[in-house]
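Notes for the one structure printed next.
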Amino acid sequence: MVDLDPVQRPKFTPWVEKYRPSKVEEVSHQLEVVAALRKSIQTGQVPHLMFYGPPGTGKTSTILALSKELFGGEFFKQRVIELNASDERGIAVVREKVKKFAQRKIAKHPDSNFNCPSIQIVILDEADSMTIDAQAALRRIIEQYSSNTRFCIICNYISKIIDPLASRCVKFRFSPIARDAQIDRLKFICEKENVKVESDDVFQSLVDISAGDLRRSINTLQTASTFKQNNITKRDIESISGIVPHEFIIKVEQIISNTDGFSDVQFLTQELLWEGFDVQQVIYQILDHLMSNPKLSDLKKARLSEIIAETDVKLIQGGDEEINLLYTLSSVSRIIKVKNKHGSHQ
Ligand SMILES: Nc1ncnc2c1ncn2[C@@H]1O[C@H](COP(=O)(O)OP(=O)(O)OP(=O)(O)O)[C@@H](O)[C@H]1O
Ligand SMILES: [Mg+2]
């Protein structure tokens, strides 16, 4: 085997980094945010910002892109400090770091023609992991330094940020990336990386597994492409992302809707476990599938959600997979098969 020395070995670059938007205009789907920040770039006026919303929707990318545009290419590093969950974020440390940063003389832009606003930016990423005390102390810090420092607070859950802190910022909600926007981005990356997919179903499947998280769909695409540069199939995506193939879910539905005996459910449980599927994934997909069945009544759907939620908790708490899957499938089967007062199963 030829062992390439590190210089010859091709460098692995995660596509999520390679294709991180470098301009605010390149941020997909978040139209309202982009429109507001476009104004900030034009005027150089930046308020304190709060970005919140689910993972992989562009929060960190947007503030980095904004900083680059306001301050220019490499120079932005001199005007921006980024603190995230991997940093020690007790309030003493935050205060110390921010103070040091804010008290520095603002670095002058090397290009005197560049219209660079005279502010610096403190990014507090993943702020929902900060303690309430640290957040409370941050209010004062924001006021103290706001003459030349702007804060951008980023989190997944706005409810974990105390009101007085949130109210000091202009808030922007980042929503899960819509299907079309994700597919456009994924196709763009495939083109640039010369990756071929078997059909558009591959993109549909990437979007299905991502739940609006573009980081996740890009990462899955890249993982698939490390196995196969050409002709990536829907099945490849399903197998690397732990998704249960649709045919299995249909089979589960057919068996639990028609069986008369417990042994069918028992056998089905064994089969799903032998296939090596993650039980939590199996029950989420069953729930999803049944929820989109227009023939099931709302009452039945509500009962099914209860059962799945119960199992979910038990699995998280370490409950046995086999027993829980058996319990769920037999309960779901019983609910589906109950006849309504008109004598039908719906
Ligand atoms: N709106 C978007 N437009 C373009 N690319 C995006 C967008 N959202 C996510 N991405 C892609 O996903 C990667 C991760 O995005 P980012 O780090 O901005 O997510 P985030 O919202 O900060 O997530 P988290 O809450 O997990 O920190 C980016 O590097 C980029 O490749
Ligand atoms: Mg982030």
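The values are calculated or read from the model by the stated rules, or taken from the named source; none is laboratory data. Just so we're clear, the structure is a prediction, and the values are computed from it rather than from any experiment. For neighbour counting, all protein chains shown are included, and Cβ atoms are generated from backbone atoms with ideal geometry for every residue, glycine included. Only protein heavy atoms, including side chains, enter the accessible area calculation; ligands, DNA and RNA are left aside. Shrake-Rupley method; radii C 1.70, N 1.55, O 1.52, S 1.80 Å.
Residues in the stretch 194-229 that are open to solvent by 40 Å² or more (accessible area, probe 1.4 Å) and on the phi > 0 side of the Ramachandran plot: Asn194, Ala211. Scanning the stretch 54-64 for residues that are open to solvent by less than 50 Å² (accessible area, probe 1.4 Å) and assigned to a loop (DSSP other than H, G, I, E, B) yields Pro54, Gly56, Thr57, Gly58. Of the numbered criteria (1) away from ligand 1 (no atom under 16 Å from the Cβ); (2) touching a helix residue (DSSP H, G or I) at 6+ places or on another chain (Cβ under 7 Å), the one Ile119 fails is (2). Candidates Lys105, Lys39, Lys18, Lys23: the one that is over 18 Å from the mean Cα position of the chain (by Cα) and either surrounded by 13 or more Cβ atoms within 10 Å (Cβ to Cβ) or within 11 Å of ligand 1 (Cβ to nearest atom) (or both) is Lys23.
With a requirement of 1 or more residues that are modelled with pLDDT under 95 and closer than 19 Å to Ser292 by Cβ, the helices (runs of 4 or more DSSP H) lying completely within the stretch 168-262 that satisfy it span 201-210, 234-241, 246-258. Of the residues making up the stretch 163-192, just one is polar (S, T, N, Q) and more than 27 Å from Asp208 (Cβ to Cβ), namely Ser167. Candidates Ser86, Ser67: the one that is outside any strand (DSSP E or B), open to solvent by less than 20 Å² (accessible area, probe 1.4 Å), within 16 Å of ligand 1 (Cβ to nearest atom) and among the hydroxyl-bearing types (Ser, Thr, Tyr) is Ser67. The set of residues from the stretch 45-66 being touching a strand residue (DSSP E or B) at 6+ places or on another chain (Cβ under 6 Å) and closer than 14 Å to Leu124 by Cα comprises His48, Leu49, Met50, Phe51, Tyr52, Lys59, Ile63. The set of residues in the stretch 42-53 that are open to solvent by 30 Å² or more (accessible area, probe 1.4 Å) and within 16 Å of ligand 1 (Cβ to nearest atom) contains only Tyr52. Candidates in the stretch 132-163 are the residues that are in a loop (DSSP other than H, G, I, E, B) and touching a residue at least 24 places away in the same chain (Cβ under 8 Å); of these, the one that is least open to solvent (accessible area, probe 1.4 Å) is Ile161.
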